[in-house]
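See below for the structure under consideration.
The values are calculated or read from the model by the stated rules, or taken from the named source; none is laboratory data. Note that this is a predicted model, so its numbers are computed, not measured. All Cβ positions, glycine included, derive from the backbone under ideal geometry; neighbour counts span all protein chains shown. Areas reflect the complete protein model, heavy atoms only, side chains present, ligands, DNA and RNA absent. Shrake-Rupley method; radii C 1.70, N 1.55, O 1.52, S 1.80 Å.
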Amino acid sequence: MTRVALVTGAARGIGAATVRALAAEGWSVVAVDACVDDPALPYSLGTAAELEAVAAETGARSTVADVRDLDALAAAVADAEAWGGLDAAIACAGVIAGGVHQPDLPVERERAVVEVNLVGVLNLARVAIPALLRRPQPRGGRFLAVASSGAGHGLPLLAAYCAAKAGVVGLVRALGAELAGTGVTANAVSPGSSDTAMLAESARLYGLPSVDEFAAHQAVRRVLAPEEVAATIAFLASAAGAAITGADIPVDGGFGS
């Protein structure tokens, strides 16, 4: 039976690495990204060309959809189900903004961070979990979301980001309880500093010369590769991850150690 996954934020970074990891393990993947910049955010987001490149490399189906658009996400889920059913929904879409104290962050930037990073995950759960449950028993559905090491640590000048990611962790813990006995699990993965466009923006917000400056805050003393985070996501999506639910798995290189 073909295993089908839907991955948001798939044009680049951890999302793109997750599409590659799943495809390498034989999954059919619907790769979803908004593919447009957000006027509320001061850096460039993933592009249609990047999404198409990921799809061409992996055989995934590319779908343009903003995670804030519930109808667009529902259509992407329907596309995944057209392959025979949905087995994994993986929320990798995320943005970052900050660099100032919380009261000084423009409201539109704060809203973008919360709506993409938290509401976008809620939206995916709303449309994907019913599809996961439509698989016949015995089923092995997976709902997975990328949170952040910032969900459990107070990162200065990133209050909205930390709040949204903490919300993601709370969501998967609740979903793990709600889905008890269904064969569907819900988990989060919390990366540390990973070599992505978001980390480059974080360096800019902190006035750092490069992302390598973040390495000192991780016990491994290096910035992580997106593929390292994707490997854990792929494990949780696999049959081997069936015993884990309602958990937040740190893939953070020993952040804070």
Fill in: Residues (open to solvent by less than 30 Å² (accessible area, probe 1.4 Å) and either more than 18 Å from Val7 (Cβ to Cβ) or part of a helix (DSSP H, G or I) (or both)) located in region 32-49
Asp38, Ala40, Leu41, Tyr43
Worksheet item: For Val172, all conditions in the list (1) without any contact (Cβ under 8 Å) to a residue 60 or more places away in the chain; (2) outside any loop (DSSP other than H, G, I, E, B); (3) under 18 Å from Gly94 (Cα atoms) hold save one; what is the number of the exception?
Response: (1)
Practice prompt. Would you please list the contacts, defined by Cβ atoms under 9 Å and residues six or more apart or on different chains, that run from a residue in region 78-104 that is closer than 16 Å to Thr8 by Cβ to a residue that is among the basic types (Lys, Arg) and in a loop (DSSP other than H, G, I, E, B)?
Written response: Leu86/Arg135; Asp87/Arg3; Asp87/Arg135; Asp87/Arg139; Ala88/Arg3
Worksheet item: Is it the case that some residue within region 50-62 is buried (at least 23 other Cβ atoms within 10 Å of the Cβ), among the small types (Gly, Ala, Ser), in a loop (DSSP other than H, G, I, E, B) and modelled with pLDDT of 95 or more?
Response: yes
Worksheet item: Listed residues Ser194, Ser257; which is modelled with pLDDT under 95 and either out of contact with any strand residue (DSSP E or B) (no Cβ under 9 Å at 6 or more places or on another chain) or of a type in the set (S, T, N, Q) (or both)?
Response: Ser257
Practice prompt. List every residue pair whose Cβ atoms sit under 9 Å apart, with the two residues 6 or more apart in sequence or on different chains, where the first one lies in region 229-257 and is farther than 24 Å from Ala216 by Cβ and touching a residue at least 24 places away in the same chain (Cβ under 8 Å) and the second, anywhere, is acidic (Asp, Glu) and surrounded by fewer than 20 Cβ atoms within 10 Å (Cβ to Cβ).
Written response: Ala234/Glu25; Ala237/Glu25; Ser238/Glu25
Worksheet item: In region 101-135, what count of residues is obtained for those that are over 20 Å from Glu178 (Cβ atoms) and open to solvent by 60 Å² or more (accessible area, probe 1.4 Å)?
Response: 9
Fill in: Sole exception among (1) assigned to a loop (DSSP other than H, G, I, E, B); (2) open to solvent by less than 20 Å² (accessible area, probe 1.4 Å) for Pro138, by number
(2)
